[in-house]
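Colleague: Dropping a structure here in structure tokens format, bear with me for questions.
The values are calculated or read from the model by the stated rules, or taken from the named source; none is laboratory data. Since the model is a prediction, treat every value here as computed from it, not as a measurement. Backbone-built Cβ (ideal geometry, glycine too); neighbour counts: all protein chains shown.
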Amino acid sequence: MPRLDFTVEPFHEGRPGAHVTAPVEALTARGVDVDFGAFGSSCEVDAESIAEVVADVVRSAFANGATRLTIEVAGGDGEAA
């Protein structure tokens with residue numbers, strides 16, 4: 001199963017804004033279990049949904065004030081997808 005890692009900026013230590021929490025909320029609403037971390041978040045998503053999930057992250061982050069978004073998708077076999 002592909003793994004999606006994403007980091008949303010700007011970074012505010014101890015105070016993640018809506019630009020950080022909105023993508024997590026969007027994926028949670030989709031039924032995706034997100035590992036929310038201090039410097040980035042990650043989740044596993046089935047290959048059929050990965051494009052829509054990435055689109056949700058991009059839309060929700062920038063709609064809520066993100067200035068930079070870093071995304072990495074790795075295939076289920078550990079290779080970049």
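Colleague: Restricting attention to region 49-64, which residues are without any contact (Cβ under 8 Å) to a residue 40 or more places away in the chain, part of a helix (DSSP H, G or I) and of a type in the set (G, A, S)?
Modeller: Once the filter is applied, which keeps residues that are without any contact (Cβ under 8 Å) to a residue 40 or more places away in the chain, part of a helix (DSSP H, G or I) and of a type in the set (G, A, S), region 49-64 yields A51, A55, S60.
Colleague: Any idea which residue in region 17-48 is farthest from P2 (Cα to Cα), counting only those that are free of Cβ contacts under 8 Å to residues at least 12 places away in the same chain and surrounded by fewer than 16 Cβ atoms within 10 Å (Cβ to Cβ)?
Modeller: A38
Colleague: Under the condition of being surrounded by 13 or more Cβ atoms within 10 Å (Cβ to Cβ) and aliphatic (A, V, I, L, M), which residue from region 49-61 is farthest from P16 (Cα to Cα)?
Modeller: Only one residue fits best here, namely I50.
Colleague: Which one is surrounded by the most Cβ atoms within 10 Å (Cβ to Cβ) among residues in region 62-77 that are among the aliphatic types (A, V, I, L, M) and touching a Phe, Trp or Tyr at 6+ places or on another chain (Cβ under 8 Å)?
Modeller: So the residue we want is L69.
Condition check ((1) more than 16 Å from T70 (Cβ to Cβ); (2) modelled with pLDDT of 95 or more; (3) among the basic types (K, R)) across all residues:
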site	(1), (2), (3)
E13	yes, no, no
G31	yes, yes, no
F36	no, no, no
F39	no, no, no
E44	yes, yes, no
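Colleague: OK, next. Looking at region 1-11 only, could you name the residues that are surrounded by fewer than 16 Cβ atoms within 10 Å (Cβ to Cβ) and under 13 Å from I71 (Cα atoms)?
Modeller: D5, E9
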